[in-house]
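For reference, the structure discussed in these notes is given below.
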Amino acid sequence: MEKKKFSTKVGDKTLSVEFNDLADQADGSALVRYGNTTVLATAVMSDKESSMGYFPLIVDYEEKFYASGQILGSRFMRREGRPSDEAILSARLVDRTIRPLFQEGIKNEVQIVITVLSIDEDDPDILAILATSLAIGTSNIPWNGPVSAVRVGKTKGCDEIMINPKYSEREREDNELDLVVCGKENALVMLEAGAKEISEENTEKGLKEASGEIGKIQEFQKKIIKEIGKEKRILNIKKASKETEELFTKEIENILEKNVFTKIPGKESIENLKKQWMEKASMSLPDEDGSLLEEYFEKKMDEAIHKGALEKDLRADGRAMDELRPLYAKAGGISEMLHGSGIFYRGGTHILSVLTLGGPSDALLIDGIEVAQYKKHFMHHYNFPPFSVGEVGRVGGFNRRMIGHGALAEKALSAVIPSKEEFPYTIRIVSEAMASNGSTSMGSVCGSTLALMDAGVPIKAPVAGIAMGLMSEKESGKYKVLTDIQGPEDHYGDMDCKVAGTKEGITAIQMDIKLESVPTEAVIEAIKKAKDARFQILEVIEKEIAKPRENISKNAPEIVMIKIKPDQIGTVIGTGGKIINAIKENTGADIDIEDDGSVFITGKNGGAEKAKEEIEALVKEYKVGEKLSGEVVKITDFGAFVKIGPNTEGLVHISEISPSRIEKVEDILKIGDTVPIIIKDIDDKGRLKLSIKEIDPNFSSKKDK
């Protein structure tokens, strides 16, 4: 095997990169190691141009079960199947980082395949970005890289920033920031963050620390590419003809501004203008490629929207740069059958979020290579039906975008969800994008907050989200930050920076760009301005519902939690589950027992309380002096056995039945009698000695009567 190795220090570990002939049929490949986590990335570009009207970039992230040293999968399918949500989210991280760095107009298919070969305490997603950057950078594929990535963590109350923290450090209760930063020298390309109400100032500090580390990795990559990189291919990228440019100037240029900057919804007026252009161009220039005509229109529209923002502070719908669209919030009101619901409008973006409460057994079981098997008790899912954008399309199923948007909103809300001990329910929220014109994911955060409070979930604080945009000019460095971007500003703008949080701080960030990079100071400005917008939205939400409702829906299940000793778990379960299954059948309740002895009982119509009583009776530990009643279950010459619990009996000696001497136990007691007793003693084997006469000296005389 031919190979060449390079290494550098990142954080407190060595990052090593190996180039070998293992995948020598690919245009480029790189094997990256960090600690004991290893990732292989390959890059291939097709020789033929695609007929699609966009750049066909494919990023596949392959999680191999062997990477974790486990035989995973279902009992009947011990091999990898469809990608997990975590794999899809990691693929999106890579895609969003590398896509802006490809030359505009490329139509050749490019496929990146990332294979996780081994995994230990370091997340492979950062390595996937670095390996991809080096695989493309050293290949003959035209690309404006390299690009570097680091993960940043921060412990609450500590000023120190952690670079590439391990899984265990990220999962600590006091870790308040999990931030992935991708960028080039002094500029950013992509951000992804989850946080626990962290301040804008601490977020800025994390970004700056990450930028310094990224600069070092960039230099490391550039040296490698200079030493072993292949000469880049020259692609024939088609452009619109001179005749197309002249026709546009003649027919559209003079009416462009009044059709873009109008009180009519910008998206609608631009689509009408585009239709008008395509009709005129196809008639006047029948031989011109339709995709080039469309691309030229998009280019001129992009220029117009940028010019309007940068030179005249104009937006497509006439708003000020920091002005929100009209807001509307409604908690509940859909149906009493639902456990909780919320409706949120922000301009033309309309979201319906519906919440369902379930028991602990309704939790989602996750079995993957990154973290050992665990249960998710809070889920947020997102749907984007075709009617939300006025289109006809397939309904049902989900795609990578839906998974990504759902995960972002889930991340934003997770910081305020109560612990399982505080609120033992499994919570599932589904956000439906009913109408879309800019940032349905942040609308989902707001709709879900309304649904949570409507359902009576005791969240720490309401969460709201907003999408910030950017219009910039590369030559001069001039830029303008836009608050609450709508469709055209998202489509033609340079940045989509989504920020969610409470009044106390940020809970999630996601930033994508269309340029090669954006200045760090522009992103920081956007994050700070997002705070003002967030507060305005929270005011509207809290005006509708100030705090979670006192009681959960009558249609939600009742959950009771009790604690038993771990060594009592077997007593409750019984041989082959006989006892616990009998309790379930008798009460209709569902029972979940955890290793620490936590028992969660879910039921309706009093079933949970009834099951609780039966379990408490099973594990009850009796004390000397307790006064109870029980059933006589056995009679002997020396006394009677009385059942005082489901699995507990004690002996009433013949001398303890009556103060006066009796000849036969049967003279006073018979099987099935209910008798009062007091626990007189418990021997070292746990056997109970009971007495009737000490609690009721006249018992025998009462029986005679």
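The values are calculated or read from the model by the stated rules, or taken from the named source; none is laboratory data. Everything quoted here is computed from the prediction, not taken from an experiment. Note: ideal-geometry Cβ built from the backbone for every residue, glycine included; neighbour counts use all protein chains shown.
For the range 65-121, a residue qualifies if it is touching an Asp or Glu at 6+ places or on another chain (Cβ under 8 Å), hydroxyl-bearing (Ser, Thr, Tyr) and closer than 19 Å to residue 28 by Cβ, and exactly one does: 115. One residue alone among 207, 191, 177 is touching a Ser or Thr at 6+ places or on another chain (Cβ under 7 Å), assigned by TED's automatic domain parsing to the domain that holds residue 95 and not polar (S, T, N, Q), and that residue is 207. Is there a residue being under 30 Å from residue 310 (Cα atoms) and buried (at least 22 other Cβ atoms within 10 Å of the Cβ) anywhere in the range 420-435? No, that holds for no residue. In summary, residue 467 fulfils each of the numbered conditions (1) surrounded by fewer than 24 Cβ atoms within 10 Å (Cβ to Cβ); (2) in contact (Cβ under 8 Å) with a residue 12 or more places away in the chain; (3) more than 13 Å from the chain's Cα centre (by Cα) with the single exception of condition (1).
Taken over the range 36-55, residues that are closer than 30 Å to residue 166 by Cβ and surrounded by fewer than 19 Cβ atoms within 10 Å (Cβ to Cβ) amount to 1. The set of residues in the range 73-87 that are of a type in the set (A, V, I, L, M, F, W, C) and surrounded by fewer than 18 Cβ atoms within 10 Å (Cβ to Cβ) comprises 76, 77.
When 514, 460 are screened for being closer than 26 Å to residue 308 by Cβ and surrounded by fewer than 24 Cβ atoms within 10 Å (Cβ to Cβ), only 514 passes. Among the residues of the range 347-405, those identified as touching a Lys or Arg at 6+ places or on another chain (Cβ under 8 Å), surrounded by fewer than 14 Cβ atoms within 10 Å (Cβ to Cβ) and assigned to a strand (DSSP E or B) are 364, 365. Being crowded, with 19+ Cβ neighbours inside 10 Å and either assigned by TED's automatic domain parsing to the domain that holds residue 532 or not in a loop (DSSP other than H, G, I, E, B) (or both) is a description that applies to residue 343. Considering only residues of the range 239-285 that are surrounded by 17 or more Cβ atoms within 10 Å (Cβ to Cβ) and β-branched (Val, Ile, Thr), which is farthest from residue 348 (Cα to Cα)? Across the range 239-285, the extreme among qualifying residues is 244. The set of residues in the range 153-163 that are outside any loop (DSSP other than H, G, I, E, B), surrounded by fewer than 24 Cβ atoms within 10 Å (Cβ to Cβ) and without any contact (Cβ under 8 Å) to a residue 60 or more places away in the chain comprises 153, 155, 161.
With respect to being closer than 25 Å to residue 471 by Cβ and assigned by TED's automatic domain parsing to the domain that holds residue 495, residue 348 fits the description.
For the range 540-557, a residue qualifies if it is farther than 28 Å from residue 605 by Cβ and either in contact with a Leu (Cβ under 9 Å, 6 or more places away or on another chain) or assigned to a loop (DSSP other than H, G, I, E, B) (or both), and the qualifying residues are 540, 541, 544, 545, 546, 547. Residues that are touching a Phe, Trp or Tyr at 6+ places or on another chain (Cβ under 8 Å) and either exposed (fewer than 13 other Cβ atoms within 10 Å of the Cβ) or of a type in the set (Lys, Arg) (or both): does the range 611-631 have at least one? Checked against the condition, which is being touching a Phe, Trp or Tyr at 6+ places or on another chain (Cβ under 8 Å) and either exposed (fewer than 13 other Cβ atoms within 10 Å of the Cβ) or of a type in the set (Lys, Arg) (or both), the range 611-631 yields no hits at all.
Highlighted here are the helices (runs of 4 or more DSSP H) found entirely within the range 207-309 that include at least 1 residues which are farther than 30 Å from residue 164 by Cβ and modelled with pLDDT of 90 or more: 242-251, 266-284.
Can you pull out the residues in the range 99-148 that are among the charged types (D, E, K, R) and outside any strand (DSSP E or B)? The answer is 99, 104, 107, 120, 121, 122, 123, 125.
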